[in-house]
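**Student:** This is the structure I have questions about; it appears just below.
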Protein chains: 2
Amino acid sequence: MDASLILEHISRHVTLTDEEREYFVRLLQHRVIRKKQFLNQEGEVVKGPAFVTAGLLRSYSIDSNGFEHVIQFAPPGWWVGDIGSMVFQRPSILSVDALEDSEVVWMREADVDRLFVDIPKFERFFRILSQNALAAHQARLVSILSLPAKQRYANFCQLYPSLIGVLPQKQVASYIGVTPEFLSKMLNSSNRSSM
Amino acid sequence: MDASLILEHISRHVTLTDEEREYFVRLLQHRVIRKKQFLNQEGEVVKGPAFVTAGLLRSYSIDSNGFEHVIQFAPPGWWVGDIGSMVFQRPSILSVDALEDSEVVWMREADVDRLFVDIPKFERFFRILSQNALAAHQARLVSILSLPAKQRYANFCQLYPSLIGVLPQKQVASYIGVTPEFLSKMLNSSNRSSM
DNA sequence: CGCGACGTTGATTTGCCTCAACGATTGTGG
DNA sequence: CCACAATCGTTGAGGCAAATCAACGTCGCG
């Protein structure tokens, strides 16, 4: 298991000693998730925070008509999962699965609780992490409520520049909240200039 | 200034000593905001976290056509403001104003930073607060992406039961993401049963 | 009283969806 | 290595949910 990515991630916000690093790394669980397999399914209770180290995951909800709505894409370096389920230990309203063969590291909730007490720096780290995520979710809300599909697509391109060629258009459409057919038409009608 | 509401709010998650309480209360700023006046305007940098002690506020964005989109209502006991602006000290994308004569308590960012160092319990409190808010925002995202207007209205009623008679329908419409006209029609057409 | 904000209702328009068909690509098993 | 199914992107015809525009009655308030 390779913990370097998550350690680098953490060190952007707090500075750890070698012992603290060691203590922390020993708590990390590792998991491989093959394409189309689940990290978590709707209805399950999330076991703890998960951090992507390789591949590509997505979290999404399923509406009463069976349609999927992507909440978040998670390339390496991103955290992923249903926060509500994790925080309140209630059944998840989101599913998380892999769009490519992937790997995550994660921690048991009980270990996280102990970690916060033993090394308060991690409490700080997760506070900062949560605030940043909150800011991102707030911005997404504004985007969905205030902008037409075309600009939501532009926002998507800005947020996930590395995923633009990689991701099936279908997934992008689900993320910005339109049908695949509509996204296709949208992209091909604003392109009436090249040949 | 009355700090009892915010102290009660905090004590739900962490336990403070008398000295800590005192230290904390001395950092609190107080502000009265009359109806239609601003706590913050789009473009300003948020000075620090704000907690509503009386009245009713709302945060909202303004789109390119000049239309308002309500992100959150904030009755007493709620925190309010543009988190992105607060965390990153960048210009706000939201405005916050008062729907009724209101009062808030708030803290300067610099004081908050010192508070986290001096009394780590507050770092914990704000971590928990941020995680809860994150869970709420995530649920709202799911609601907007996955549900038709009717169910979004039902969700609103569940989240803000105390505001149902109080709030102008116009504001509710803006919150659930439809026009006032449409909300009016929606409510009056599902009521074809009473006389 | 008169003005402005709000809720309602109707006629019309539109952004996006639905359904259906088709070619291109991928992947999978025989 | 080829045949077949599955998945994906594209395009078109038609439909619907919600927006737009406009008019009107009500109410609270200066």
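**Student:** Could you grab me the full set of residues in region B:166-184 that are assigned to a loop (DSSP other than H, G, I, E, B), in contact (Cβ under 8 Å) with a residue 12 or more places away in the chain and near DNA strand D (Cβ under 8 Å from one of its atoms)?
**Tutor:** B:G177, B:V178
**Student:** Here is a further query. Evaluate the following for B:F116: is it among the aromatic types (F, W, Y), at pLDDT 95 or above and within 16 Å of DNA strand C (Cβ to nearest atom)?
**Tutor:** no
**Student:** Ok, one more. Would you check which residues across region A:46-80 are facing chain B (nearest Cβ under 9 Å), of a type in the set (A, V, I, L, M, F, W, C) and surrounded by 18 or more Cβ atoms within 10 Å (Cβ to Cβ) and list them?
**Tutor:** A:V70, A:I71
**Student:** Continuing with this model, one more query. Identify all residues within region A:1-60 that are in a helix (DSSP H, G or I) and hydrophobic (A, V, I, L, M, F, W, C); write none if there are none.
**Tutor:** Across region A:1-60, the qualifying residues are A:L5, A:I6, A:L7, A:I10, A:F24, A:V25, A:L27.
**Student:** Right, here's the next one. Take the residues in region B:81-105 that are in a strand (DSSP E or B) and surrounded by fewer than 22 Cβ atoms within 10 Å (Cβ to Cβ), then tell me which one is nearest to the other protein chains (Cβ to nearest Cβ).
**Tutor:** Only one residue fits best here, namely B:S95.
**Student:** Within region A:117-166, which residues are among the hydrophobic types (A, V, I, L, M, F, W, C), buried (at least 19 other Cβ atoms within 10 Å of the Cβ) and closer than 17 Å to A:M186 by Cα?
**Tutor:** Listed by number, the list holds a single entry, A:F156.
**Student:** Looking at region B:149-175 only, could you name the residues that are within 13 Å of chain A (Cβ to nearest Cβ) and either within 10 Å of DNA strand C (Cβ to nearest atom) or modelled with pLDDT of 95 or more (or both)?
**Tutor:** Across region B:149-175, the qualifying residues are B:A173, B:S174, B:Y175.
The values are calculated or read from the model by the stated rules, or taken from the named source; none is laboratory data. Remember, it's a predicted structure, so these values are computed and weren't measured experimentally. Cβ atoms come from the backbone with ideal geometry, glycine included; neighbour counts cover every protein chain shown.
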